[in-house]
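Report on the structure given below.
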Amino acid sequence: MSITTRPSSAPARPASSSTPTLQDVEALLARPLLELVFEAASVHRTHHDPRYVQCSQLLSIKTGGCPEDCGYCSQSAHHGSDLEKQALLDVGSTLETAKNAKANGADRFCMGAAWREVKDGPEFDRVIDMVKGVKELGLETCVTLGMLNDAQASRLKDAGLDYYNHNLDTGRSYYDQVITTRKYDDRLDTLASVRSAGIHVCSGGILGMGESVTARAELLLELASLDPQPESVPINALVPVEGTPLGESKPLEWDELVRVVAATRILIPGAVVRLSAGRTEMTEEGQALAFLAGANSIFVGDELLTTPNPAPTSDAALFDKLGLEAVRACNEADRSSAGCGS
Ligand code: SAM
Ligand code: DTB
Ligand code: SF4
């Protein structure tokens, strides 16, 4: 497997003939941990400034009652999780939350809806206004709204959308063990619409759902084979939610998460790799190793969508210990020359 490098200012790397095989990726995940981390750290340093961490804040703009049956999700109407449903928020309260996110150091605001797919009509119009408003606040914009078509993606782009989050979640061979109400190719079709509208692709997965190492390798290979590769790759550790089919899953080992972060960094060198859900269960040391292995993004704020996230004060203390800084701390001149790691 050959690994190519590129400067951080270059566009996302096209998947190429050097794309590894499934066996290559399995072998990568099986390497001695510290060798894997060392290589990933080296790749990270040729593509990004390792001092900076991109900080996204999430807001659930429409919560619960989702028709999909994703086995991990608190928001699926198929499961018995104890979650209070919430209709689509109004634009004003969403922008208030975004303003606070900016004041607290976030550089990107990500709005999530428990929808199977986007439907044209007043609710989508409202989301368009939210995107416009968040963009006007000077934040990067991201939404995750389920499946969409080309025309809907274009409307989001015109409104100022920077990133669309749409996770592949796991490998193709394990997908129907987790979700039955849609197909893997539905996810890929949406990613194609996002890409053709000129929106940055944010796509990753979840670890700790009982998947094999092969399923993890399949996921990484799918992501690395997208052409161009995704600009943003969230790596989530399952947050087990009572009442969901995966609510009793056993916790993920810290080294498994670090392995996947490191392999993601090597396979998708230009992406921002986000240490996403599951940080509340990680030690500071585990997170430190993940940052060394190439993670350069987190979710900030007390809450993810429906579950807790580490307190901002503890994240600030961790950044202090590690000498890391939020991307927002990087001044404009540095941003245009060195890229500040994002
Ligand atoms: N409904 C849209 C969709 O599925 O694309 C957007 C919202 S959905 C909650 C966004 C992503 O959150 C999912 O694709 C999944 O990767 C992640 N997620 C949901 N529940 C999770 C959990 N309990 N633990 C870890 N990640 C989770
Ligand atoms: C992503 O990969 N992780 C975020 C975001 N994209 C939308 C969601 C994590 C959700 C964790 C469980 C919850 O809070 O409901
Ligand atoms: Fe619905 Fe998204 Fe949750 Fe699946 S992950 S049940 S699509 S909100």
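The values are calculated or read from the model by the stated rules, or taken from the named source; none is laboratory data. Everything numeric in this text was worked out from a predicted model, so none of it was measured. Every residue, glycine among them, receives a Cβ derived from its backbone with ideal geometry; neighbour counts consider all protein chains shown. We work out accessible area using only protein heavy atoms, side chains counted, and drop any ligands, DNA or RNA first. Shrake-Rupley method; radii C 1.70, N 1.55, O 1.52, S 1.80 Å.
Quick look at the values:
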quantity: Any hit, segment 61-77, residues being within 16 Å of ligand 3 (Cβ to nearest atom), open to solvent by 10 Å² or more (accessible area, probe 1.4 Å), touching a helix residue (DSSP H, G or I) at 6+ places or on another chain (Cβ under 9 Å) and basic (Lys, Arg); calculated: yes
quantity: Search result, residues across segment 180-200 that are open to solvent by less than 30 Å² (accessible area, probe 1.4 Å) and free of Cβ contacts under 8 Å to residues at least 60 places away in the same chain; calculated: Tyr184, Arg187, Thr190, Leu191, Ser193, Val194, Ala197, Ile199
quantity: Pair list, Cβ < 6 Å and 6+ apart or interchain, from segment 160-174 residues that are among the hydroxyl-bearing types (Ser, Thr, Tyr) to residues that are assigned to a loop (DSSP other than H, G, I, E, B); calculated: Tyr164/Ile199; Thr170/Glu211; Tyr174/Glu211
quantity: Residues located in segment 193-218, provided they are under 23 Å from Arg108 (Cβ atoms), part of a helix (DSSP H, G or I) and not hydroxyl-bearing (Ser, Thr, Tyr); calculated: Val194, Arg195
quantity: Any helices (runs of 4 or more DSSP H) falling wholly within segment 29-146 and containing at least 1 residues that are under 30 Å from Leu246 (Cα atoms), modelled with pLDDT of 95 or more and over 19 Å from the mean Cα position of the chain (by Cα); calculated: 33-47
quantity: Test: residue in segment 292-302 that is aliphatic (A, V, I, L, M) and either open to solvent by 50 Å² or more (accessible area, probe 1.4 Å) or part of a helix (DSSP H, G or I) (or both); calculated: yes
quantity: For Ala288: the one exception among (1) open to solvent by 20 Å² or more (accessible area, probe 1.4 Å); (2) in contact (Cβ under 8 Å) with a residue 40 or more places away in the chain; (3) among the aliphatic types (A, V, I, L, M); calculated: (2)
quantity: Pairs, first over 19 Å from Glu285 (Cβ atoms) in segment 28-44, second in a helix (DSSP H, G or I) and open to solvent by 10 Å² or more (accessible area, probe 1.4 Å), C-beta under 7 Å, six or more apart; calculated: Leu29/Val213; Leu29/Arg216; Leu29/Arg259
